[in-house]
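Notes for the one structure printed next.
The values are calculated or read from the model by the stated rules, or taken from the named source; none is laboratory data. None of these values were measured; they are calculated from a predicted model. In this analysis, Cβ positions are derived from the backbone assuming ideal geometry, glycine residues included, and neighbour counts consider all displayed protein chains. For the accessible areas, the whole protein counts, side chains as well, though only heavy atoms, and no ligand, DNA or RNA atoms are used. Shrake-Rupley method; radii C 1.70, N 1.55, O 1.52, S 1.80 Å.
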Amino acid sequence: MGKRALERVLNGETVNPPPIWLMRQAGRYLPEYRAVRETAGGFLNLCYNPDFATEVTLQPIRRYGFDAAILFSDILVIPDALKRNVRFEAGEGPRLDPIDADGVMALEKSYDAGRLDPVIAAVKRIRHELPAETTLLGFCGAPFTVATYMIAGRGTSDQAPARLFAYRHRREFLALLDYLADLSADYLIRQLEAGANAVQIFDSWAGVLSEEDFADFAAAPVKRIVDKVRSARPEAKIIAFAKGAGSNLFSYRQKTGADAIGLDWTVPLAMARELQKDGPVQGNLDPLSVVAGGHAMKSRALAILEALADGPLIFNLGHGITPEADPEHVAALVRLVRGEE
Ligand code: CP3
């Protein structure tokens with residue numbers, strides 16, 4: 001550690017040009033990803049086959065030379081190891097068997113940690129094959145976001161099933177969050193031991209929570225993960241991304257203990273500057289601007305650099321890149337951030 005640009009930023013340094021990677025950078029916008037996906041015959045087969053997982057993790061690094069590679073996997077491998085019958089049907093998004101309050105209390109009996117062994121094998125292989133200057137990021141879903149999929153059995157637009165469950169069965173809901181936090185911490189520790197240089201916790205649905213519920217369901221479980229990871233690996237560097245969290249972000253770093261916080265594209269740049277006074281920030285280009293490309297993308301990327309590049313910044317999108325993004329637009333973005341155009 002120490003030399004890689006992204007890890008220097010996680011240590012609080014300002015690095016210019018800032019390191020860049022993109023959430024969901026290995027994915028369907030890349031023709032080489034779609035080709036491997038065809039041969040793998042199913043998304044989970046990609047995640048659980050270290051050869052495939054290594055290949056698709058490295059694809060965006062070869063193409064763009066990003067400063068970080070993110071392990072190719074999914075946040076739903078934890079529910080899969082809990083035998084929730086996770087499926088990814090083409091064009092439909094994830095499906096799981098919805099869990100009820102009794103199911104939550106019986107969950108501990110179902111866990112099969114060995115299910116994640118191939119993911120850990122992939123981490124080792126990827127770190128071995130990556131250029132020395134590229135950071136390897138591990139990741140997991142935050143307990144709240146993972147719980148929303150487990151309860152609804154699918155993605156929804158407002159996570160009403162999980163929020164109702166939390167009102168009606170608060171004790172079981174909190175038990176589910178704690179249990180997911182403990183499993184996720186162990187999983188992140190295994191990734192760090194296998195060669196991940198830092199990790200990110202994705203709370204993609206934190207934005208549906210009220211202020212009080214954000215503290216209990218988003219911030220507290222992420223703190224539980226951070227504390228547990230640090231008790232095993234005191235030097236662990238952790239990025240926490242709570243999408244849509246708005247003004248809850250002002251206390252999020254301090255409440256979770258994360259080193260860096262991710263910012264979605266709705267976070268005003270003036271607010272981002274405030275947040276950066278307390279430590280590194282990551283973000284926050286609108287993924288749709290990369291679909292548009294040209295002036296729309298360029299002007300917004302430059303505004304981010306102008307506002308945030310004089311402090312610790314990891315350049316990224318405000319959420320995952322979409323399948324519609326043109327790979328050439330991504331190449332132009334990387335050149336722009338690196339001052340090459
Ligand atoms: O960032 C990367 O390139 C690494 C891999 C990665 C995937 N999913 C691969 C994936 C990461 C970090 C994730 C995180 C993830 N997965 C999140 C949090 C981040 C976010 O985007 O909000 C969530 C909520 C999920 C759950 C999930 N997985 C959904 C809702 C979907 C379907 C929607 C979609 O984007 O396709 C997935 C499938 C998925 N995960 C794909 C990929 C490449 C597409 C599957 C395919 O190839 O058919």
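Yes/no matrix, rows are residues, columns are (1) closer than 24 Å to residue 258 by Cα; (2) without any contact (Cβ under 8 Å) to a residue 12 or more places away in the chain:
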site	(1), (2)
7	yes, no
38	no, yes
72	yes, no
95	no, no
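Scanning region 34-51 for residues that are part of a helix (DSSP H, G or I) and within 11 Å of the ligand (Cβ to nearest atom) yields 34, 36, 37, 38, 40, 43, 44, 45, 46, 47.
As a summary of the residue check, residue 52 satisfies the conditions (1) in contact (Cβ under 8 Å) with a residue 40 or more places away in the chain; (2) in contact with a Ser or Thr (Cβ under 9 Å, 6 or more places away or on another chain); (3) at negative phi except for the one numbered (1). In region 58-91, the residue that is nearest to the ligand (Cβ to nearest atom) out of those that are at pLDDT below 95 and within 16 Å of residue 156 (Cα to Cα) is 88. Given the condition of a type in the set (Ser, Thr, Tyr), modelled with pLDDT of 95 or more and buried (at least 18 other Cβ atoms within 10 Å of the Cβ), answer yes or no: does some residue in region 309-324 qualify? No, the conditions are met nowhere in region 309-324.
The residues of region 228-245 that are surrounded by 15 or more Cβ atoms within 10 Å (Cβ to Cβ), assigned to a helix (DSSP H, G or I) and touching a helix residue (DSSP H, G or I) at 6+ places or on another chain (Cβ under 7 Å), listed by number, are 228, 229.
With respect to (1) out of contact with any Leu (no Cβ under 9 Å at 6 or more places or on another chain); (2) closer than 20 Å to residue 100 by Cα, the lone exception for residue 211 is condition (2).
Among the residues in region 92-112, are any in a loop (DSSP other than H, G, I, E, B), at pLDDT below 95 and within 15 Å of the ligand (Cβ to nearest atom)? For region 92-112, residues in a loop (DSSP other than H, G, I, E, B), at pLDDT below 95 and within 15 Å of the ligand (Cβ to nearest atom): present.
The set of residues from region 19-33 being charged (D, E, K, R) and within 10 Å of the ligand (Cβ to nearest atom) comprises 24, 28. Within region 2-19, the set of residues being of a type in the set (Lys, Arg) and either assigned to a loop (DSSP other than H, G, I, E, B) or open to solvent by less than 40 Å² (accessible area, probe 1.4 Å) (or both) comprises 3, 4. Looking only at region 84-91, decide whether some residue is closer than 21 Å to residue 37 by Cα, touching a Leu at 6+ places or on another chain (Cβ under 8 Å), open to solvent by less than 30 Å² (accessible area, probe 1.4 Å) and not hydrophobic (A, V, I, L, M, F, W, C). Looking for residues that are closer than 21 Å to residue 37 by Cα, touching a Leu at 6+ places or on another chain (Cβ under 8 Å), open to solvent by less than 30 Å² (accessible area, probe 1.4 Å) and not hydrophobic (A, V, I, L, M, F, W, C), one finds none in region 84-91, hence no. Residue pairs whose Cβ atoms lie under 6 Å apart, sitting 6 or more positions apart in sequence or on different chains, and linking a residue in region 315-331 that is over 25 Å from residue 239 (Cα atoms) and of a type in the set (Asp, Glu) to a partner that is open to solvent by 20 Å² or more (accessible area, probe 1.4 Å) and not in a loop (DSSP other than H, G, I, E, B), are 324/291. Residues that are over 30 Å from residue 335 (Cβ atoms), of a type outside the set (Ser, Thr, Tyr) and surrounded by 19 or more Cβ atoms within 10 Å (Cβ to Cβ) are absent from region 57-66 altogether.
Evaluation of residue 51 against the conditions (1) closer than 30 Å to residue 307 by Cβ; (2) at pLDDT 95 or above shows that the sole unmet condition is (1). Residue under question is residue 178, and the condition is that it be at pLDDT 95 or above, acidic (Asp, Glu) and over 23 Å from residue 240 (Cα atoms); does it hold? Judged against the criteria, residue 178 is not a match. When residues of region 129-155 are filtered for being over 30 Å from residue 314 (Cβ atoms), open to solvent by 50 Å² or more (accessible area, probe 1.4 Å) and more than 11 Å from the ligand (Cβ to nearest atom), how many remain? Count: 0. Among the residues making up region 156-176, a single one is open to solvent by less than 10 Å² (accessible area, probe 1.4 Å), within 16 Å of the ligand (Cβ to nearest atom) and of a type outside the set (Gly, Ala, Ser): 159.
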